[in-house]
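Asks: Sharing a structure, written as C-alpha cells. Questions coming.
The values are calculated or read from the model by the stated rules, or taken from the named source; none is laboratory data. The model shown is predicted, which means the values in this text are computed figures rather than measured ones. Note: ideal-geometry Cβ built from the backbone for every residue, glycine included; neighbour counts use all protein chains shown. When the accessible area is computed, the model is the full protein with side chains, heavy atoms only, and any ligands, DNA or RNA have been set aside. Shrake-Rupley method; radii C 1.70, N 1.55, O 1.52, S 1.80 Å.
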Amino acid sequence: MASAPPAAARHLKVTGVVQGVGFRPFVHRLAGRLNLTGWVRNVAGTVEIHLEGSPPQLDAFERSLRGEAPPVARIDTVETTKAEANGASGFAIIESEDADTLRPVPPDIGTCAQCERELLDHADRRYRHPFITCTDCGPRYTIIDRLPYDRERTSMKTFATCPRCAKEYGDPNDRRFHAETVACPDCGPRVWFEGVNGEGRAEGDPAILLAATALHMGAVVGVRGLGGFHLAVDATNDAAIRQLRKRKNRDAKPFAMMVRTLDAARAVAHVSEHEAAALQSSARPIVLLTPRAGAHLAAALAPGLDRVGVMLAYTPLHHLLLKAADRPLVMTSGNLSEEPIAIGLDEGRTRLRPLVDAFLLHDREILSRCDDSVVRVAGAHDILLRRARGYAPVPLPLPVASVQPLVAVGPHLKNTFTLVRGNRAFVSPHIGDLEGLEALEHWRQAYDRYRDLFRVEPTVAVRDLHPGYLSTRLAEELGLARIIAVQHHHAHIAAVAAEHGVTTPVVGLAFDGTGYGDDGNVWGSEFLVCDLAGYRRVGQMRYVPLPGGDLAAREPWRVAVGYESLAGWHSEAFSLAYYGVPLSLRSGVQTQVARGVNAPLASSMGRLFDAAAAVLGVRRHASFEGQAAMELEALAGDQHATPLPFPVSEVDGRLQLDPVPLLTALGEGRRHGVDVSTLAARFHESVVEASVDVARLVAGSYGLDTVALGGGSFQNARLLTRIARRLAEGRLHVLVAQSLGPNDGAISYGQAAVAAWQLSRE
Ligand code: ZN
Ligand code: ZN
Ligand code: FE
C-alpha cells in the first residue's frame, strides 16, 4: 500500500474515555483493515490520529471510529482537520509524549464476553485461568500505581510476561495487542485457598473447589477480589447468613449477592430490560432487584425489604468460584460493620480472621481500595446509590473551570472527596462514614493516591459548614492557604445542576436526613432558589425538636415524640409509635423535649419518614439510618393513592410545610384499621403533592422554569419518579442526579462546583 501515493491526509483529535481501554490498538486494527497509513498516540488525555489514504476509506474510518469503538471507551468529541500527506508507510502506535497535564485513569472493567468464553473453553490455553483479561476488560484503576498506564506502573509488573503472552501483546492482529494486563497460567498471578491460620493451603483449581466446598458447608470465606476483600457465603443458607451477620456486627442491613449469568439473576429476581443493561454494563454494579416469589434464597438476606442487591461475576475468579459453587453467593465487603474494606494480603488475613472460616487469596496487589457500586433503576432513571468500582475515577466536567486546583473534602457520612483541576472534577470512589480512625486513615490514603495519580496539588480546600465534623478537621489539617465552606443542601443542588451544566438559578428541592443549616439547625427538607454562587432558602419543613439528636435516626419513636409535642401532647394518633417503649423512658424523652434539652430543631425529610413509620406501627427502632423509609416505600409499592392533608403556609416570609396534620391522619387511619400499605402510599403522595405545590409556587414567583432534585431522600424511587413527573406535567424542566447519585456521595462534587464558581468570579 505504500507504493501508491496517498490521496489525502487527515488529523483526528479524539476526547473522552479513550486511554487504557484498548483504544489505540483498536485504531491500529481499523486503519489496517481500511488500508490507511499513519500513526496514533496519546496526548494529554486525548488520542491523536494521523491518517493517510483514499478519501472514501478515510470517511469509512471516521464512521467506524464511533460505531466500533471498544465497549468501555466513551468518545466525547472527534475533531478532524486536513493534514499534509507525507507518504507514511504502515501504521504505528507512537509512544506518548507525556505532557504534565491531566490524563484519565480508566475504571476497572468487568470480564468481557470473549474472555469469559475462553475461560470456559477446554481448548483455550487460558482455560480456567483466574486472571484472564484483554484490552477490553480487566482491572485498571485498582492496580495502577502511576501514569502513563502500562504494565511497568501497575501491580502486574511483578509478573513478567512469558514469550507467548509477549507475542500476543506485540501482535496488532491479536485481541491482546497492547493489553497491559495480559497473563496466562504460565506467567500470571496465582490463586490459593488457606485456613484462617494459613493451614491446608492449596493452589490453582483445587483452591477454587475447596472454597466452593467450604461455602456449601455454610462457611464464610474471605475472597480477595478486585478492589478489596469480599466475605462470601451461600446465599441460600439462612444459618450461614445469620452467622455472618453476628460476626460482622450487622443486624438487618441487606447483603448483596453475586450470580454468574443474567439467567441466574433472572432465576432469583425479576429483571427488566433496563435492569439487565445495568447488570451487564462494564461497571457491573450491584443492582437492586425485586426477588422472585419462591426463589431459593435465604430469608436473612434482606429482611423486611422488597429488594435484593444482585451483581454479575466481574472477574474470572468470580466466574470460576460461582461455577463451582453452583448457587448465588452473598458477596459483602470484607470489613467489620462500617470500617473500610480490607485490600492487602496480610491486612486481610489479620483483620478478617475473626470473621471468616477460610480464605481464597491471590497475589496480585490491590493498590486502590474500591467498593462495589450500587444502582437502582426507577422508571427511566438509574439511581446511583454508591459510585465506586467501574465508575471512579472517570472525571466529571465542571460547568466553570476552577482557577486554582482544589480539594472538596466532602460530607460527614457516605463521604467522597473531589479533586479539581481546570474544569475536571475527579470524584473519589465511595469512602464511607468519616467516623473512627480507620476511616480517616482511609480518607488520607485515598487522597494521597488521587493527588499522585492525577497530579493535582490543591491550594484551596472546600468543606461543609459544620464546624465540628471530622471532614472539617481534615480540611483544616491539610494546611492549605484557603478554606471555603459550603452549606450541605446548597452542595446537593449545585451537584445536580453542575452535572447538567446548568449555572443559571433553579428551584432546588434538597431532601435528606441531615445537613447543618446556616441557622445552626438540622436541615433536610429545603426549598432553595439557588445557583452556583449562592442560595436563598424559600421553603422548609416545619421545625421539630429531635430528642437525642443523632440518636433519633436510629429510634423513630423519638421523632414521633418530637412531633407529638407540636400536636399538643396526648394525641391518640401517636400511640402506635410507642408500643413496647417503656413508659418511664417515654416520659423521660417527653420531658427532654418539653425542656428543650439535647433536642435540636430539625426540618429533616428522613426524620419525617421515620415519624410516619412509627405512627403507623411499622418501625420504632431502626438498625440503620433510612431503614424505616425503605420499608415505607416497600409497603407503598406503586399503588395509586390520594394525598392526606399536608398544609403549606407562609411563616416569616418563607413557605412552610406542616406535617402534623399528616402524621395525625396516618395514626388515626391506622388505629381505625386502614390498611398500612394504603396509608404508606398516601403518605408518599402527600409528600409529593405538597413538594410539587411549593416548587410551583416558588418557580412562579421567581420566574424560574427549572427544578433540581437532590439529597438522599431521592433514593426513594416512588418519591423521585412521582415528583419528577408531577413537575414535568406543570411544564417545569426537571434535573435529577445521573452521573453521581442523589445522596451525600455527590456532596463533594457540589462543594467543588460552588467553590470553582466563587474562585472564578474573584
Ligand atoms: Zn476480555
Ligand atoms: Zn503468559
Ligand atoms: Fe445530604
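Asks: Would you list, by chain and number, the lysines whose Cα falls below 27 Å from the Cα of LYS246, excluding same-chain residues fewer than 8 positions away?
Replies: LYS414
Asks: Under 4.7 Å Cβ to Cβ, no partner at all: give me those cysteines from the chain, in residue order.
Replies: When partners are defined as cysteine Cβ atoms under 4.7 Å apart, the chain leaves CYS115, CYS134, CYS165, CYS184, CYS370, CYS530 without one.
Asks: Nearest 20 debye, what's the magnitude of the dipole of the range 515-637 about its Cα centre given +1 on Lys and Arg Cβ and -1 on Asp and Glu Cβ?
Replies: That gives a dipole near 300 debye.
Asks: Would you mind getting me the FRET efficiency between ARG671 and ARG595? Use the beta-carbon distance for r and R0 = 25 Å, nearest 0.05.
Replies: That gives a FRET efficiency of 0.30.
Asks: Using every Cα-Cα pair within the range 191-362, state what percent have a distance larger than 29 Å.
Replies: Of all Cα-Cα pairs in the range 191-362, 13 percent lie more than 29 Å apart.
Asks: How many angstrom lie between the C-alpha centres of the range 31-88 and the range 408-422?
Replies: Taking the Cα centre of each part, the range 31-88 and the range 408-422 sit 37 Å apart.
Asks: For ASP171 and ARG554 in the same chain, what is the full-extension length gain: residue separation times 0.36 nm, less their Cα-Cα distance, in nm?
Replies: 132.0 nm
Asks: Determine how large the accessible area of HIS488 is when every protein chain is in place; take a 1.4 Å probe and give Å² rounded to the nearest 10.
Replies: Approximately 10 Å² for this residue.
Asks: How big is the convex hull of the Cα atoms of the range 155-284, per residue, in Å³?
Replies: 168 Å³
Asks: What's the local net charge at PRO545, with K and R +1, D and E -1, over the other residues with C-beta under 13 Å away?
Replies: +3
Asks: Label ARG731 and ASP121 with points 7 Å out from Cα along Cα→Cβ: what is the distance between them in nm?
Replies: Once both label points are built, they end up 5.9 nm from each other.
Asks: Tell me what the chain gives for mean residue ellipticity at 222 nm when only DSSP H runs of n ≥ 4 count, each as -39,500 (n - 2.57), the sum divided by the residue total, rounded to 500 deg cm²/dmol.
Replies: That calculation yields -10000 deg cm²/dmol at 222 nm.
Asks: Taking the Cβ of ILE343 as the center, what net charge do the other residues with Cβ under 9 Å away carry, scoring Lys and Arg +1 and Asp and Glu -1?
Replies: My count for the surroundings of ILE343 gives 0.
Asks: With every protein chain left in place, what is the accessible area per residue of the range 618-669 in square angstrom, probe 1.4 Å?
Replies: 45 Å²
Asks: Could you please put ASP59, ASP124, ASP234 in sequence from largest to smallest accessible area, using a 1.4 Å probe?
Replies: The ranking, largest first, comes out as ASP59, ASP124, ASP234.
Asks: Further question on the same structure: Rounded if a/c is under 1.5, else prolate if a/b is larger than b/c, else oblate: which is the range 8-93, with a ≥ b ≥ c the root eigenvalues of its Cα gyration tensor?
Replies: prolate
Asks: Can you give me the C-alpha center-to-center distance between the range 186-229 and the range 661-723, rounded to a whole angstrom?
Replies: Centre-to-centre distance over Cα atoms comes out at 49 Å.
Asks: Can you tally the net charge around GLY309? Count Lys and Arg as +1, Asp and Glu as -1, for every other residue whose Cβ sits under 13 Å from the Cβ of GLY309.
Replies: +1
Asks: Something else: Using a/c under 1.5 as the rounded threshold, could you call the range 542-704 rounded, prolate or oblate? The axes a ≥ b ≥ c are square roots of the C-alpha gyration tensor eigenvalues, and prolate needs a/b larger than b/c, oblate otherwise.
Replies: oblate
Asks: Expressed as a whole percentage, what fraction of the accessible surface of the chain belongs to carbon and sulfur atoms when a 1.4 Å probe is rolled over the protein heavy atoms?
Replies: 50 percent
Asks: Ok, one more. By how many nm would the segment from THR261 to VAL651 grow when fully extended, if each residue of separation counts as 0.36 nm and the alpha-carbon distance is taken off?
Replies: 134.8 nm
Asks: Please name which of GLY87, ALA293, VAL593 has its Cα lying farthest along the dipole of the chain towards the positive end, using unit charges on Cβ (Lys, Arg +1; Asp, Glu -1) and the Cα centre as origin.
Replies: Most positive-ward Cα: ALA293.
Asks: A further question follows. Quick one: P(r) of the range 385-494 from all Cα-Cα pairs, 10 Å bins, percents rounded to integers, in order of increasing distance.
Replies: 14, 51, 33, 2
Asks: Under a cut-off of 16 Å between alpha-carbon atoms, report the aspartates and glutamates in cross-link reach of LYS157, not counting same-chain residues fewer than 8 places apart.
Replies: ASP145, GLU180, ASP186, ASP363, GLU365
Asks: Oh, and also: So if R0 is 56 Å, what FRET efficiency would ALA252 and ALA7 give, r being the distance between their Cβ atoms, rounded to the nearest 0.05?
Replies: The value I calculate is 0.20.
Asks: Shape verdict for the range 472-562, please, from the Cα gyration tensor: rounded (a/c under 1.5), prolate (a/b greater than b/c) or oblate.
Replies: Verdict is oblate for the range 472-562.
Asks: Expected output is a single nm value to one decimal: the length gained when fully extending between TYR702 and THR158, i.e. 0.36 nm times separation in residues minus the C-alpha distance. What is it?
Replies: Length difference between fully extended and current span is 189.7 nm.
Asks: Starting at the first residue of the range 299-314, write each ³J(HN,Hα) from the Karplus equation 6.51 cos²θ - 1.76 cosθ + 1.60 with θ = phi - 60°, in whole Hz, x for Gly and Pro.
Replies: Running phi through 6.51 cos²θ - 1.76 cosθ + 1.60 with θ = phi - 60° gives 5, 6, 5, 9, x, x, 10, 9, 10, 10, x, 10, 10, 8, 3, 10 Hz.
Asks: May I ask you to give the solvent-accessible area per residue for the range 242-342, in square angstrom, as obtained with a 1.4 angstrom probe?
Replies: Per-residue value: 37 Å².
Asks: With angles folded into 0 to 90 degrees, how steeply does helix 747-761 sit against the dominant principal axis of the chain? Use alpha carbons for both and round to 10.
Replies: On a 0 to 90 degree scale, this one is about 80.
Asks: Related question: Can you list residues whose amide H is under 5 Å from ASP251's amide H, if they're 5+ apart or on another chain and H is modeled 1.01 Å from N?
Replies: none
Asks: Further question on the same structure: What's the center-to-center distance, using Cα atoms, between the range 459-502 and the range 232-263 in Å?
Replies: Spelled out, the Cα-based centre of one part sits 36 Å from the other.
Asks: Mind checking the per residue accessible area of the range 496-547 for me, 1.4 Å probe, whole number of Å²?
Replies: 26 Å²
Asks: Kindly give the semi-axes, whole Å and largest first, of the ellipsoid equivalent to the chain, taking each as the square root of 5 times a Cα gyration tensor eigenvalue.
Replies: So the equivalent ellipsoid measures 47, 32, 23 Å along its semi-axes.
Asks: Taking LYS82 as the anchor, which lysines have their alpha carbon closer than 17 Å to its alpha carbon, excluding any fewer than eight residues away along the same chain?
Replies: Partners within reach: LYS13.
Asks: Could you check the spin-label model distance between GLU762 and THR213? Points 7 Å from the Cα along Cα→Cβ, value in nm.
Replies: 6.6 nm
Asks: Right, another one. May I ask you to rank LEU608, LEU345 by accessible area, largest first, using a 1.4 Å probe over the protein chains only?
Replies: My answer, sorted largest first, is LEU345, LEU608.
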